[in-house]
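Just below is one structure, and these are the notes that go with it.
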Amino acid sequence: MLVSSKYLSRAGTFGFRLLGALGSALLAFTIAKLGSSEILGEFQYALTIALGISILAKQGYDRVLIRFIARYKDTIEERIGNMLFKLALRKVLLRSLILLPLVYFSLMVLEDFVSISQAAYWIIAASIPMSFGALLVGFYKGSFKPSTSFIYDIGVISLIASAIIYISNNIEATSSAKSIYISYFVCYSFIVGIGLCINKRALSIKVSEAIPWQEMSTASPNFMWMTLIVYAQQLVLVYVLAEYLGISELGIYKVAEKIAITIGFFQSVVNAIYAPYFSKSHHTNDIKKLVRYIRQSTTTSLILTVPPLLIIFLFTTDILNYFGPDYTDASTLVYIISIGQFINVILSPSGTLLNMTGNEAISKRILIATSVISIPLIVSFTLIFGAVGTATAGLIIIAAQNIGCTAAAYKILGVIPYAAIR
C-alpha cells in the first residue's frame, strides 16, 4: 500500500507539472490568438518586472523552506515547519507592501524609458500572490507533497488563467490588453487565496522562539541571490529584445521559449520529488540513502527528457503554425532553447544536491561567476545575431552553470551524479 501510494503521488506530481508546462505555453498561445505579438510581448515584459518584485519580497524563503520543513516532517517537532511558514508569510507580505509602490513610482518616473502601458500594472500587482504562491510551493515540497505543490505553481495557474482570459474576452466580445491583464491578476489571487485558506491551521499556530528562524534567515539570502542572478539575466534578455529588436520580437521569442520549456518541466518534477529526500538523508547523515536518491533522480531526469526533446525537434514547424503566421520563423530559436533546457534538466540534480545539503553558498558563487560573462554575452550576441544570438547566449550560460554545479558536487560531496559514486 505504501509503495503504491508513493508511485501514485509521483504520478500526480508528473501530471500537475505537465499541466504547468502546458499551461505556460497555452497562456502564451491564448494571448497571441486573442491579442497580438505586441500584447504578448508587453505581458511578458510586465511579468518579468513582477517576478523581480517577488524575488526581492520572498528573499529565498520559498526555496529554503523546503530544506527546513523536510527536516521536521514526521517527527514530534513537525509543528516547527508550520511556524517557519507563518513567519515567512509575514516577512514577505511586509516587503511586498513596500516594494510594489516603489516600483509603481519608478515606472511612472521612467515612463519614457520603459515600454509598458498603465494596464500592465495589473500584471505587476500579481507579484504579491505570486510570492505567496511560491511559499505555498516550498511548504508542500518540504512536506513531501510535490503533487500538491504544483497546484500553486505559476504554470498551473497560467493554465487556469488561460481559460479565464478566453472566457472573459468572449463574454465582453473584446480582446483588450487590460481585460487580459486583469483576468490574470484575479485568477492568480483567487487560487493562492484558496491555498492560504486551506492552510489556515498552519497559519493560526502560535509561533514560539524555539525555532531555527535565524538559521533559516541566514541561509535564505543565498537562495535569493541565486534566483536574483538568474532573473537579472532574464531581465537583460527581455529588455534587450524589447528595446533593440522590438516588443513584437520579444513576443515571438517568448513563444519559442514556452514551447522549449515544456522539456524543463521534468526538472521541476524531479527536483520537487527528491529535494526533501536529499535534505532529510543528509541531515540524518544517512549517506547510503543520499547516494541512492541521487542516482534515482539523475537517471529519471535523463530517461524522461529524451522523448519530449525528440518530439519538439521533429514537429517544431507544426507546433509554431498553431500560434499564427508571426511565429513560423521561430524554429531555430526553439531548437537552441530546447538544447539548453535539455542540459538544464539532466544536470540540475547537482545544483539541488548542493542546495539541500547546506552548500547553497557554493551554488551562489557559481552563478555569480557565470553572471559576470552572461550579461555582456546576451547584449553583444543579441545586437550582432538578433534573437538567435540571444538564444545562443542563453545556451552557453546554462551549460556553464550546470557544469559548474556538477563539478562542485563531486569536489565537495564526493559524488558523481550519474554514477552516484561516493
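At least 2 residues that are under 24 Å from ILE98 (Cα atoms) in each: list the helices (runs of 4 or more DSSP H) lying fully within region 127-202 that qualify. Give the derivation first.
Details: elements: 127-142, 146-149, 154-172, 177-198.
Once the helices (runs of 4 or more DSSP H) in region 127-202 are filtered for at least 2 residues that are under 24 Å from ILE98 (Cα atoms), what remains is 127-142, 177-198.
Can you name the residue in region 278-289 that is free of Cβ contacts under 8 Å to residues at least 60 places away in the same chain and within 21 Å of PRO146 (Cβ to Cβ) and is also surrounded by the fewest Cβ atoms within 10 Å (Cβ to Cβ) among such residues? For region 278-289, the residue satisfying everything is THR284. Within region 337-365, being surrounded by fewer than 22 Cβ atoms within 10 Å (Cβ to Cβ) and without any contact (Cβ under 8 Å) to a residue 60 or more places away in the chain holds for ILE339, ILE343, ASN359, ILE362, ARG365. Among the numbered conditions (1) within 30 Å of VAL415 (Cα to Cα); (2) among the aliphatic types (A, V, I, L, M); (3) surrounded by fewer than 17 Cβ atoms within 10 Å (Cβ to Cβ), the only one that LEU314 does not meet is (1).
Looking for whichever is at pLDDT below 80, touching a Gly at 6+ places or on another chain (Cβ under 7 Å) and of a type outside the set (Phe, Trp, Tyr) here; the options are SER168, SER208, SER175. Which one fits? If you could, list the steps in order and put the result at the bottom.
Values: SER168 fails: touching a Gly at 6+ places or on another chain (Cβ under 7 Å); SER208 fails: touching a Gly at 6+ places or on another chain (Cβ under 7 Å).
The conditions single out SER175.
Within region 189-199, identify whether any single residue is in contact with a Phe, Trp or Tyr (Cβ under 6 Å, 6 or more places away or on another chain) and either modelled with pLDDT under 80 or surrounded by fewer than 22 Cβ atoms within 10 Å (Cβ to Cβ) (or both), and answer yes or no. For region 189-199, residues in contact with a Phe, Trp or Tyr (Cβ under 6 Å, 6 or more places away or on another chain) and either modelled with pLDDT under 80 or surrounded by fewer than 22 Cβ atoms within 10 Å (Cβ to Cβ) (or both): present.
If you check VAL236, VAL207, VAL255 for being at negative phi, β-branched (Val, Ile, Thr) and surrounded by fewer than 17 Cβ atoms within 10 Å (Cβ to Cβ), only one passes: VAL207. Please find, within region 92-117, the residue that is farthest from THR48 (Cα to Cα) out of those that are modelled with pLDDT of 90 or more, touching a Phe, Trp or Tyr at 6+ places or on another chain (Cβ under 9 Å) and buried (at least 18 other Cβ atoms within 10 Å of the Cβ). Across region 92-117, the extreme among qualifying residues is VAL92.
Looking only at region 105-123, decide whether some residue is under 25 Å from GLY264 (Cα atoms), touching a residue at least 60 places away in the same chain (Cβ under 8 Å) and assigned to a helix (DSSP H, G or I). Within region 105-123, one or more residues are under 25 Å from GLY264 (Cα atoms), touching a residue at least 60 places away in the same chain (Cβ under 8 Å) and assigned to a helix (DSSP H, G or I).
The values are calculated or read from the model by the stated rules, or taken from the named source; none is laboratory data. This is a predicted model, so every value here is computed, not measured. We place every Cβ from the backbone using ideal geometry, glycine too, and count neighbours over all the protein chains shown.
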